[in-house]
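The values are calculated or read from the model by the stated rules, or taken from the named source; none is laboratory data. What you see is a predicted model, and the numbers here were worked out from it, not measured in a lab. Counting neighbours? That spans all protein chains shown, and the Cβs are built from the backbone with ideal geometry, glycine included. Remember, those area values only see protein heavy atoms, side chains included, never the ligands or the DNA or RNA. Shrake-Rupley method; radii C 1.70, N 1.55, O 1.52, S 1.80 Å.
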Amino acid sequence: MPLAALNQANIEYRVLGPQDSPHPPVLFIHGLGSSGYMEWRFNLEATADRHRVFAPDLPGFGRSEKPRVRYGIPYFTRFIQHYMEERGLRSAAVVGASLGGRIALELALESPRLVRKLVLVNALGLGRPNVHVSYGLVTIPRVGEALMNVARGALRWAPSQTIRRVAARYAGSSSDLTRTMDDVYLDNLRELYAAEGYHNAYLATVRSLVTPKAVFGGQHDMTTRLNELKLPVQLIWGADDPLFPVAHAARAHSLIERSRLTVIEGAGHTPQAERPEEFNRVLHTFLDS
């Protein structure tokens, strides 16, 4: 899909599936440091069998433009609102993973008319995350920039198997990493880290999330507002996620009236990539219900 001018930035997005589908459209929102074509690489085509599917790269990520703006959840939520308006989407089933889940949750709470159904995948915002020390380090001026440069260099010279091993440690993955993070995925990751403006966008986003107010005051924890959700909600969680433990999903499930919870064993932070067949079955059952 060629770049499209949206929200004063050039946005890369994928649109798949039948234009005249009788089923509701599905909008996928990726997480931090990813893109629509990377995050949902095992899920978009399967969903497009029955639904019109939309998967934008958030500004600053993927192949979208990387402007110097105030990145953060409010900015990304406004972008999704504008994106849906530009695409003529009056409402959609919205699927969000990690940071994308927090954006999807914000959208459902602030603009409920836009969200027909909500799917939260190992989402930020349902409890205090187990933040790795590296996230704290990247919030420090100059230290974060240096670490991003180190990561970019490591992606260029480190063997693929080493990259997979390090990534698995952070994500809690126990699946076949040669499939989950195949050579095409690693090439896309290298491209992303080499893109001009990506480091600024990534650091600005992390720094908007990892603040004293956010960490100790629960700035991004939406638990107290979950009872406002009146739409169908599906929670899909990797059982071994070290960042957002399953307890987050279980508590959210108890607080959302019309919710379902599916825990995928043998998956960590990205069940959509680690166990895609099971993930797709759960997603499609929910979308068709």
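Would a scan of segment 210-224 turn up a residue that is more than 19 Å from the chain's Cα centre (by Cα), modelled with pLDDT of 95 or more and either part of a loop (DSSP other than H, G, I, E, B) or within 30 Å of Ala151 (Cβ to Cβ) (or both)?
no
Among the residues of segment 90-113, write down those that are assigned to a helix (DSSP H, G or I) and of a type in the set (Val, Ile, Thr). Walk me through it before giving the result.
Step one: filter segment 90-113 for residues assigned to a helix (DSSP H, G or I), giving 99-110, 112-113.
Ile103, the sole residue that qualifies.
So, in segment 263-272, exactly how many residues are buried (at least 18 other Cβ atoms within 10 Å of the Cβ) and either out of contact with any Phe, Trp or Tyr (no Cβ under 6 Å at 6 or more places or on another chain) or basic (Lys, Arg) (or both)?
Residues in segment 263-272 being buried (at least 18 other Cβ atoms within 10 Å of the Cβ) and either out of contact with any Phe, Trp or Tyr (no Cβ under 6 Å at 6 or more places or on another chain) or basic (Lys, Arg) (or both): 5 in total.
Only one of these conditions is not met by Ala93: (1) closer than 22 Å to Pro232 by Cβ; (2) out of contact with any helix residue (DSSP H, G or I) (no Cβ under 8 Å at 6 or more places or on another chain); (3) among the hydrophobic types (A, V, I, L, M, F, W, C). Which number is it?
(2)
Quick check on my filter: what residues within segment 246-289 are part of a loop (DSSP other than H, G, I, E, B) and of a type in the set (D, E, K, R)?
Let us first name the residues in segment 246-289 that are part of a loop (DSSP other than H, G, I, E, B), namely 256-258, 265-270, 275, 289.
Glu257, Arg258, Glu265, Arg275 - these are the residues of segment 246-289 that are part of a loop (DSSP other than H, G, I, E, B) and of a type in the set (D, E, K, R).
With (1) in contact with a strand residue (DSSP E or B) (Cβ under 8 Å, 6 or more places away or on another chain); (2) modelled with pLDDT under 85; (3) not charged (D, E, K, R) as the list, and Trp157 as the residue in question, which single condition is left unmet?
Of everything listed in (1) in contact with a strand residue (DSSP E or B) (Cβ under 8 Å, 6 or more places away or on another chain); (2) modelled with pLDDT under 85; (3) not charged (D, E, K, R), Trp157 misses just condition (1).
Which condition number does Leu58 fail, the rest of (1) part of a loop (DSSP other than H, G, I, E, B); (2) touching a residue at least 12 places away in the same chain (Cβ under 8 Å); (3) more than 30 Å from Asp221 (Cβ to Cβ) being met?
Every condition holds for Leu58 apart from (3).
Give segment 273-289 a look and list any residue that's open to solvent by 60 Å² or more (accessible area, probe 1.4 Å) and touching a Lys or Arg at 6+ places or on another chain (Cβ under 8 Å), or say none.
Once the filter is applied, which keeps residues that are open to solvent by 60 Å² or more (accessible area, probe 1.4 Å) and touching a Lys or Arg at 6+ places or on another chain (Cβ under 8 Å), segment 273-289 yields only Asp288.
Which of the residues that make up segment 114-131 are open to solvent by 20 Å² or more (accessible area, probe 1.4 Å) and in a strand (DSSP E or B)?
Arg116, Lys117
Output yes when any residue across segment 62-71 is part of a helix (DSSP H, G or I) and either open to solvent by 10 Å² or more (accessible area, probe 1.4 Å) or basic (Lys, Arg) (or both), and no when none is. Show your work before the answer.
First, the residues of segment 62-71 that are part of a helix (DSSP H, G or I): none.
No: segment 62-71 contains no residue that is part of a helix (DSSP H, G or I) and either open to solvent by 10 Å² or more (accessible area, probe 1.4 Å) or basic (Lys, Arg) (or both).
Considering only segment 77-86, how many residues are in contact (Cβ under 8 Å) with a residue 60 or more places away in the chain and either touching a Leu at 6+ places or on another chain (Cβ under 7 Å) or buried (at least 18 other Cβ atoms within 10 Å of the Cβ) (or both)? It would help to see each step written out before you state the result.
Taking segment 77-86 as the starting set, the residues that turn out to be in contact (Cβ under 8 Å) with a residue 60 or more places away in the chain are 78-79, 82-83, 86.
Cutting the leftovers down to either touching a Leu at 6+ places or on another chain (Cβ under 7 Å) or buried (at least 18 other Cβ atoms within 10 Å of the Cβ) (or both) gives us 79, 82-83, 86.
Of the residues in segment 77-86, 4 are in contact (Cβ under 8 Å) with a residue 60 or more places away in the chain and either touching a Leu at 6+ places or on another chain (Cβ under 7 Å) or buried (at least 18 other Cβ atoms within 10 Å of the Cβ) (or both).
Considering only segment 13-49, state which residues are at pLDDT 95 or above and of a type in the set (D, E, K, R).
Arg14, Glu39, Arg41, Glu45, Asp49
Any chance segment 77-94 includes a residue that's closer than 16 Å to Gln272 by Cα and charged (D, E, K, R)? Let's see the steps before the verdict.
Quick first cut of segment 77-94, residues closer than 16 Å to Gln272 by Cα only: 94.
With charged (D, E, K, R) added as a condition, the list becomes none.
Checked against the condition, which is being closer than 16 Å to Gln272 by Cα and charged (D, E, K, R), segment 77-94 yields no hits at all.
Check Arg142, Arg169, Arg152 and return the single one that is under 19 Å from Asn200 (Cβ atoms), at pLDDT below 75 and open to solvent by 30 Å² or more (accessible area, probe 1.4 Å). If you could, list the steps in order and put the result at the bottom.
Values: Arg169 fails: under 19 Å from Asn200 (Cβ atoms); Arg152 fails: at pLDDT below 75.
Result: Arg142 is the single residue among Arg142, Arg169, Arg152 that is under 19 Å from Asn200 (Cβ atoms), at pLDDT below 75 and open to solvent by 30 Å² or more (accessible area, probe 1.4 Å).
Can you report the number of residues in segment 234-256 which are open to solvent by 10 Å² or more (accessible area, probe 1.4 Å) and aliphatic (A, V, I, L, M)?
Residues in segment 234-256 being open to solvent by 10 Å² or more (accessible area, probe 1.4 Å) and aliphatic (A, V, I, L, M): 6 in total.
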